[in-house]
Structure formats: C-alpha cells, structure tokens
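One structure below.
The values are calculated or read from the model by the stated rules, or taken from the named source; none is laboratory data. Nothing here was measured: the structure is a model prediction, and the numbers come from that model. Cβ: placed from backbone, ideal geometry, glycine included. Neighbour counts: every protein chain shown.
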Amino acid sequence: MSAESLVLLLATGVTKGAVYGLLALGFHILYAATRMLHFGYGAVAVLAGLIALTLTNGLHFPFWLTLIVIILLGWAVGQAHNKWVLAPVRNRDQWIQMIALMAIGIVVENAYALIWGKMPKAAPAFTPGALSVLGAPVSYQSLWIIGITVVSVLAIKWLLDYTLMGKSLRGASNNPLAARLMGISVMSVGGYAYGISMALAALGGMVISPITFAGGQFAFPLTMKGFASLVMGGMFSPIGAVIGGLLLGLIESVTVGTIGSRYMDVVSMSVLLLFLLVRPHGLFGGE
Amino acid sequence: MSTLASIARPRRLILYAILALWLAFPLLTDKTYYIGLAITLGIFAIVAIGYNLVAGNTGMFSFGHAAFMGMGAYTSAVLSMKLGMSAWIALPLSAIVAGLAGYLVGLTSVRLGHLHLAMATVAFNIIFHNIVVNWTFTGGEAGLGPLSRPALGSLVLNTDRKYFYLVWFLVLALLLFTRNVVSGRIGRAMAAAKGDEIAAQVSGINVITVKLNAFALSAFYAGIAGSLLGYYLAYVGPKPFGTDFSILLFLMVLVGGFGSAWGSLFGAALMTFLPEFFRFLSSLAFIPYNVRLVFSDYTYNLLLFGVAMYVVVVYLPKGIMGISWRNLRLGKSKR
C-alpha cells in the first residue's frame with residue numbers, strides 16, 4: 001500500500017471517527033446521567049444537518065452564526081425531550097421510556113421528507129478545497145471536523161469538571177439516589193443531560209453532512225454507529241467514547257479500503273455484537 | 001392468560017362458531033384479494049405469536065425478528081431453488097435454521113438489559129439485511145424467485161384457497177402449542193424470569209437457559225412465517241426483512257397486548273388491514289392531495305406508525321387486551 005492511499009485511509013477514518021466520537025460522547029452523557037439510550041438520536045443529528053444546509057444555502061447565514069444556531073437548536077431539542085416527550089413516562093418502566101423515545105425518533109426521521117423531500121441533500125463544505133499531505137488530498141472539511149471535535153471534547157471536559165451543571169451530572173451518574181438526596185433534582189439533571197447530548201448530536205450532524213449526505217434514512221445508522229462507539233469505549237467513560245468513535249471510523253475506512261463499502265455496516269455492527277459478547281464494559285469501562 | 005379451558009361454555013361455543021366461520025370463509029368468496037389478505041394475516045399471526053413469547057412472556061424486546069423471518073424465507077428459497085428440495089422438507093428446515101440463528105443471537109443478547117438487547121438485535125438485523133442485499137448468492141436487491149408452491153403427491157397447493165388452509169392449519173397448531181408451553185412448567189419459568197431474575201434463580205430456574213430457549217423458539221416461529229411468506233409470494237427479496245419491519249412487529253404485539261395470544265392475533269389483523277385502509281383513504285378524491293400522500297407513501301405510513309407507537313406505549317402499555325371493558329361502561333361500574 002502506498003503512502004498516499006494510507007494517508008487517505010487514515011484521514012477518512014479519523015474524520016468519520018471524530019463524528020462518531022462526538023455522537024458517542026453525547027450518548028455517554030445521557031446514559032451516565034439518566035441510564036437511558038435514545039434510539040432517535042440520529043434523527044436529531046440529521047435534523048441539524050438539514051437545518052444547517054437551509055441556513056447557509058437558503059438564508060446565507062455566515063458560518064459562525066449557523067454553528068451557534070445549530071448548537072442552541074440541539075440544546076432546545078434536548079429541553080423539549082426532557083419537558084414534553086418524557087413527561088408522561090418519567091416514572092414508568094425503563095422499556096416504556098425507551099420505546100417512547102424510539103417512537104419520537106421514527107416520527108421525526110420520517111417527517112423530514114415532508115419538508116426537504118425524499119432525496120438526501122448534499123451540503124457544501126465549510127471551506128472548499130483540500131490540503132495535500134504526502135501527495136494525498138485531505139479536505140479542509142476533515143480538518144474542520146477534527147478541530148471541532150477536539151474543541152468540543154475539551155469544552156465538555158471543562159463543563160463536567162468545573163461547573164455546577166457538570167458536577168450534578170457526575171453526581172447523578174455515580175449514584176442517582178445519593179444525588180437526589182443531596183438536592184439535585186431529576187428534572188434538572190435530565191434537562192442538562194438531554195441538552196448537552198442533543199447539542200453534541202446536532203454538532204455531529206452539522207459537520208458530517210458535507211461529507212456524507214443529510215436525509216432521514218441516515219438517522220438510524222448514525223444512532224447505531226454512536227452506540228457501537230460507546231460500547232467499544234465503555235458506557236461510563238467519556239474519553240473512551242471518543243476513542244471508541246475514532247476506532248470505529250478507522251475500522252470502517254479499512255473495511256472500505258479492503259473489502260469494499262458494501263460491507264461497511266456489516267463489519268461495524270459485527271464489531272458491536274462482538275464487544276457486547278466478549279467485553280460488554282468496553283475498552284475503558286473497567287469492571 | 002385467557003386459555004380456552006378457562007372460558008365459560010357458552011363463550012367457548014361462540015369461539016368455535018367464529019373459528020368454523022373463518023375456516024369456511026375461503027369457500028364463500030371467489031376474490032383472491034380477500035383470501036390473500038387472510039393468508040397475510042395468518043403469516044403475521046405466526047410471527048406475532050412467536051414474538052409474544054419473547055416480549056410478552058419473557059420480557060425481552062427484540063428488534064431483529066424481521067431478520068429471523070428473512071432467514072426462514074431465504075433458506076426456503078435457496079433449498080428449493082438451488083437444491084430442488086420439496087417445500088415440505090424445506091419449510092421445517094428453514095424454521096430450524098432460523099431457530100438456530102435465534103439461539104446464536106440469543107447467546108450474545110439474553111444477558112443484556114432492555115437497552116443493550118434492543119441495540120444488539122437491531123445490529124443483527126442490519127447485518128442480515130446488508131448481507132442479503134449485497135451477496136450475489138441471495139440474489140442481491142432483485143431477490144430469489146420463482147419458488148414453486150408445496151405439493152403432496154397429486155395435491156398441489158397451487159391456489160390461494162388451498163394455501164390458506166396450510167397457513168391457518170399452522171396458525172392454529174402453533175396457537176395450541178404456544179398455549180401449552182405458556183401454561184406449563186416452561187411458561188411459569190418464563191414468567192418468573194420476567195418478574196424477578198434473582199428470585200427465579202434462587203428458586204432453581206436457570207434464567208439464562210429459559211430466556212435463550214424462548215428466544216430460539218420465537219425465532220423458529222418467525223422462520224416458519226418467513227418460509228410461508230416466501231412460498232406464498234413465490235419470491236423472496238430483501239425488502240420486507242429490514243429493521244422497519246422488526247419495529248412494526250413490535251408495534252403489532254404492543255397494540256395487541258403483551259402476553260396474550262388473542263392480542264397477537266388482533267395486532268396481526270390490525271397490521272394486515274391498516275395498509276389496505278390507508279390505500280382506501282388515499283384513493284378518496286375529496287381528501288386534499290397532500291393529506292392523501294400521507295396515506296399512500298410508505299415513509300409517511302411509518303410516520304403514522306411512530307405516532308401510534310408513542311400513544312400506545314404511553315397511554316395503553318398493556319395493549320387492547322389490557323383495557324378493562326367492564327370499567328368502560330360508564331354508570332354501570334359505579335355503584
């Protein structure tokens with residue numbers, strides 16, 4: 001294998017992996033704080049991708065404004081989940097909450113076709129063009145994605161370690177009952193967790209839409225990729241989630257380079273099943 | 001559990017009358033359309049009854065049962081088209097293959113909680129669907145066909161009317177078998193495993209084995225249904241065996257009511273007739289075009305099913321069978 005194709009393989013792997021890492025980080029925060037997984041998560045990412053597309057192409061928003069709007073949108077969708085979608089099922093069985101969230105995801109991902117049509121949409125890159133590394137073209141979009149991921153991971157780290165919001169999230173994650181006894185309300189923890197995780201999903205959806213396409217049919221696969229990354233890294237490890245995402249991205253790009261893109265999802269889902277079977281705590285989950 | 005034995009005598013007679021009427025129904029009509037719907041209903045009923053063993057009796061929610069159905073359908077297609085095997089041998093063999101696949105998937109999944117189980121079964125369904133779509137051996141997007149209908153000597157099930165009796169013979173046989181499983185020792189072990197795993201363990205029930213067996217058995221049912229669907233359509237393609245059908249299957253059993261065989265039948269009936277009802281609505285000229293589109297297009301049908309799923313799981317988690325009809329009659333219940 002030439003150096004050129006190796007760089008290309010690595011670049012696509014890390015780019016996709018960074019997005020999976022963002023999604024998995026959002027999943028981790030939600031799961032750690034509320035012990036819930038959201039099967040409609042990918043739908044939020046796709047929604048953000050489509051709205052970002054409309055904002056930049058249709059309304060000619062500058063890039064930084066779109067970015068802020070998308071993050072706020074993700075936060076707002078999270079609040080709406082916590083306030084309204086979960087309101088009637090809050091104290092019910094876990095499976096009822098899971099199905100309610102999944103149902104909302106199905107409604108939302110199929111509603112896009114009403115507004116944006118059925119064909120997936122291609123978004124323009126943030127900065128068009130590519131950089132030449134050892135003769136291989138690495139698009140500026142990849143650099144944007146990697147940069148945004150690094151910044152968001154650091155921001156989340158700061159949020160979790162130094163703010164009251166982060167402390168209550170970590171408290172609820174370590175011991176939900178004790179956190180409640182210390183006066184941290186379930187409602188506010190849910191609001192933070194859904195807000196942050198949906199904002200990360202929205203960010204992930206926005207940055208990936210110039211590379212893949214944005215459309216309702218990509219929502220569920222994105223959810224599953226996020227899950228796979230989280231399981232690989234470990235359900236309770238934020239850094240593990242990001243590393244799991246990077247690993248999954250690399251595995252996928254190696255699959256595309258060797259077997260072909262047709263069996264990409266087969267390989268990544270097999271990795272998920274393998275981890276669930278052999279090492280359910282993931283690589284960084286501990287015992 | 002409403003078993004036949006527990007139903008009082010006059011109600012039991014009514015039940016037999018309805019059953020006789022249903023079995024006589026293909027003789028009363030010439031329209032293959034109606035008989036076709038009844039066959040589809042039977043096939044859905046078989047998967048739903050099997051799915052209920054997992055979801056209702058054991059408390060595990062799988063989102064990969066469409067793949068087990070597909071496993072049955074594709075096994076039948078391959079056995080009868082590439083090896084020229086008779087349908088009478090291929091049908092049980094495909095059910096066994098699906099059951100074995102269920103056992104293997106169960107090995108990875110039954111130890112997991114609700115969230116991880118759902119994740120694992122969806123992953124399995126995606127793997128299965130992607131393989132049959134891309135593999136030339138399974139015909140790719142185009143699928144495999146034509147399959148010839150089962151034949152026994154001179155008795156060939158070449159008409160839908162004859163096929164109806166095969167399907168519904170299997171529905172009734174499986175219904176009775178399921179009732180015996182559920183009301184017997186295994187069923188009680190399943191109920192115990194659903195209720196409190198630790199308590200069940202302490203009482204000497206091997207929870208993992210019970211769950212694994214239930215999972216494999218329900219995959220076996222799905223395999224029968226898939227094989228029947230393949231022979232009925234005389235064609236097997238990847239389309240019906242994606243994750244979306246797994247979710248519809250869940251919805252079918254949820255609407256009917258977990259743990260109730262009658263609920264499964266009802267859910268299967270609803271899922272058979274609803275698309276027809278949607279098609280009827282989409283043909284009505286006085287409804288505005290944009291509204292009709294919602295009924296005629298599969299994407300928007302899924303949207304409606306999503307709304308239904310939310311409403312049912314939030315307000316009616318025990319399904320239709322969970323409604324207490326006596327309390328609904330206002331005035332009478334208040335004394």
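In summary, A:TYR31 fulfils each of the numbered conditions (1) in contact (Cβ under 8 Å) with a residue 60 or more places away in the chain; (2) more than 9 Å from every other protein chain (Cβ to nearest Cβ); (3) assigned to a helix (DSSP H, G or I) with the single exception of condition (2). Of the listed requirements (1) under 22 Å from the mean Cα position of the chain (by Cα); (2) at pLDDT below 95; (3) under 17 Å from B:ALA219 (Cβ atoms); (4) not small (Gly, Ala, Ser), B:MET119 misses just one: (3). Candidates in the stretch A:34-46 are the residues that are within 14 Å of chain B (Cβ to nearest Cβ) and out of contact with any Asp or Glu (no Cβ under 8 Å at 6 or more places or on another chain); of these, the one that is surrounded by the most Cβ atoms within 10 Å (Cβ to Cβ) is A:HIS38. May I ask you to verify whether B:PHE273 is closer than 28 Å to A:GLY40 by Cα and surrounded by fewer than 20 Cβ atoms within 10 Å (Cβ to Cβ)? Considered against the rule, which asks whether it is closer than 28 Å to A:GLY40 by Cα and surrounded by fewer than 20 Cβ atoms within 10 Å (Cβ to Cβ), B:PHE273 comes out as yes. On the stretch given as the stretch A:241-269, residues that are buried (at least 17 other Cβ atoms within 10 Å of the Cβ), out of contact with any Ser or Thr (no Cβ under 8 Å at 6 or more places or on another chain) and facing chain B (nearest Cβ under 9 Å) total 3. If you go through the stretch A:176-207 and keep only what is among the β-branched types (Val, Ile, Thr) and at pLDDT 90 or above, you end up with A:ILE196, A:VAL207. The residue that is surrounded by the most Cβ atoms within 10 Å (Cβ to Cβ), counting only those in the stretch B:166-182 that are of a type outside the set (A, V, I, L, M) and farther than 15 Å from B:ALA20 by Cα, is B:THR178. Given the structure, is B:LEU117 within 13 Å of chain A (Cβ to nearest Cβ), without any contact (Cβ under 8 Å) to a residue 60 or more places away in the chain and not in a helix (DSSP H, G or I)? No; evaluated as a whole, the condition is false for this residue. Taken over the stretch A:237-282, the criterion of being part of a loop (DSSP other than H, G, I, E, B) and touching a helix residue (DSSP H, G or I) at 6+ places or on another chain (Cβ under 6 Å) is satisfied by A:GLY282 alone.
Mind listing whichever residues of the stretch B:269-313 are of a type in the set (A, V, I, L, M, F, W, C) and within 23 Å of A:MET98 (Cα to Cα)? Of everything in the stretch B:269-313, those that are of a type in the set (A, V, I, L, M, F, W, C) and within 23 Å of A:MET98 (Cα to Cα) turn out to be B:MET271, B:LEU302, B:LEU303, B:LEU304, B:PHE305, B:VAL307, B:ALA308, B:MET309, B:VAL311, B:VAL312, B:VAL313.
On the stretch given as the stretch B:89-114, residues that are at the interface with another protein chain (Cβ under 8 Å from one of its Cβ atoms), without any contact (Cβ under 8 Å) to a residue 60 or more places away in the chain and in a helix (DSSP H, G or I) total 2. Taking B:THR138 and the conditions (1) in contact (Cβ under 8 Å) with a residue 12 or more places away in the chain; (2) surrounded by 17 or more Cβ atoms within 10 Å (Cβ to Cβ); (3) over 22 Å from A:ILE259 (Cβ atoms), which numbered condition does it fall short on, given that it satisfies the others? All conditions are met except number (3).
Are any of the residues in the stretch B:267-274 within 30 Å of B:THR136 (Cβ to Cβ), touching a residue at least 60 places away in the same chain (Cβ under 8 Å) and part of a helix (DSSP H, G or I)? Within the stretch B:267-274 (the criterion being within 30 Å of B:THR136 (Cβ to Cβ), touching a residue at least 60 places away in the same chain (Cβ under 8 Å) and part of a helix (DSSP H, G or I)), the answer is no, since none of the residues qualifies. Just one of B:GLY145, B:GLY84, B:GLY153 is at pLDDT below 90, exposed (fewer than 15 other Cβ atoms within 10 Å of the Cβ) and touching a strand residue (DSSP E or B) at 6+ places or on another chain (Cβ under 8 Å); which is it? Among B:GLY145, B:GLY84, B:GLY153, only B:GLY145 is at pLDDT below 90, exposed (fewer than 15 other Cβ atoms within 10 Å of the Cβ) and touching a strand residue (DSSP E or B) at 6+ places or on another chain (Cβ under 8 Å).
Matching residues to (1) within 13 Å of another protein chain (Cβ to nearest Cβ); (2) of a type in the set (Ser, Thr, Tyr); (3) surrounded by 22 or more Cβ atoms within 10 Å (Cβ to Cβ):
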| residue | (1), (2), (3) |
| --- | --- |
| B:GLY230 | no, no, yes |
| B:PHE241 | no, no, yes |
| B:SER246 | yes, yes, yes |
| B:VAL253 | yes, no, yes |
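You will find that of B:ALA67, B:ALA73, B:ALA55, the residue that is touching a strand residue (DSSP E or B) at 6+ places or on another chain (Cβ under 6 Å) and either surrounded by 14 or more Cβ atoms within 10 Å (Cβ to Cβ) or acidic (Asp, Glu) (or both) is B:ALA73 and no other. Note on the stretch A:112-124: residues that are in contact (Cβ under 8 Å) with a residue 40 or more places away in the chain and within 8 Å of chain B (Cβ to nearest Cβ) amount to 2. Reported count of residues in the stretch A:202-227, each being outside any loop (DSSP other than H, G, I, E, B) and farther than 21 Å from A:ILE104 by Cα, is 2.
With surrounded by 15 or more Cβ atoms within 10 Å (Cβ to Cβ), hydrophobic (A, V, I, L, M, F, W, C), over 16 Å from the mean Cα position of the chain (by Cα) and part of a helix (DSSP H, G or I) as the only criterion, which of B:PHE220, B:PHE128 stands out?
Values: B:PHE220 fails: over 16 Å from the mean Cα position of the chain (by Cα).
After ruling out the rest, the residue left standing is B:PHE128.
Taken over the stretch A:55-99, the residue count meeting the criterion of being under 15 Å from A:TYR112 (Cβ atoms) and either within 14 Å of another protein chain (Cβ to nearest Cβ) or surrounded by fewer than 16 Cβ atoms within 10 Å (Cβ to Cβ) (or both) is 0.
Of all residues in the stretch A:151-183, those satisfying the criterion of being more than 20 Å from A:ILE70 (Cβ to Cβ) and buried (at least 19 other Cβ atoms within 10 Å of the Cβ) are A:SER168, A:LEU169, A:ALA172, A:SER173, A:ALA179.
Table: residues versus (1) under 24 Å from B:ALA261 (Cα atoms); (2) among the small types (Gly, Ala, Ser); (3) in contact (Cβ under 8 Å) with a residue 60 or more places away in the chain.
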site: B:ASP30; (1), (2), (3): no, no, no
site: B:ILE35; (1), (2), (3): yes, no, yes
site: B:ILE39; (1), (2), (3): yes, no, yes
site: B:PHE44; (1), (2), (3): yes, no, yes
site: B:ILE49; (1), (2), (3): yes, no, yes
site: B:GLY70; (1), (2), (3): yes, yes, yes
site: B:THR75; (1), (2), (3): no, no, yes
site: B:VAL78; (1), (2), (3): no, no, yes
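Residue-wise test of (1) farther than 21 Å from B:ALA193 by Cα; (2) small (Gly, Ala, Ser); (3) under 18 Å from the mean Cα position of the chain (by Cα).
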position	(1), (2), (3)
B:ARG12	yes, no, no
B:TYR16	yes, no, no
B:TRP22	yes, no, no
B:TYR51	no, no, yes
B:THR58	no, no, yes
B:PHE61	no, no, yes
B:ALA66	yes, yes, yes
B:LEU107	no, no, no
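Kindly indicate whether A:LEU160 is in a helix (DSSP H, G or I), farther than 20 Å from A:ALA52 by Cβ, away from every other protein chain (no Cβ under 14 Å) and of a type in the set (A, V, I, L, M). Yes; evaluated as a whole, the condition is true for this residue.
Considering each of A:PHE227, A:PHE236, A:PHE275 in turn, give the residue that is within 12 Å of chain B (Cβ to nearest Cβ), among the aromatic types (Phe, Trp, Tyr), buried (at least 18 other Cβ atoms within 10 Å of the Cβ) and under 18 Å from the mean Cα position of the chain (by Cα). Sole residue among the options that is within 12 Å of chain B (Cβ to nearest Cβ), among the aromatic types (Phe, Trp, Tyr), buried (at least 18 other Cβ atoms within 10 Å of the Cβ) and under 18 Å from the mean Cα position of the chain (by Cα): A:PHE227.
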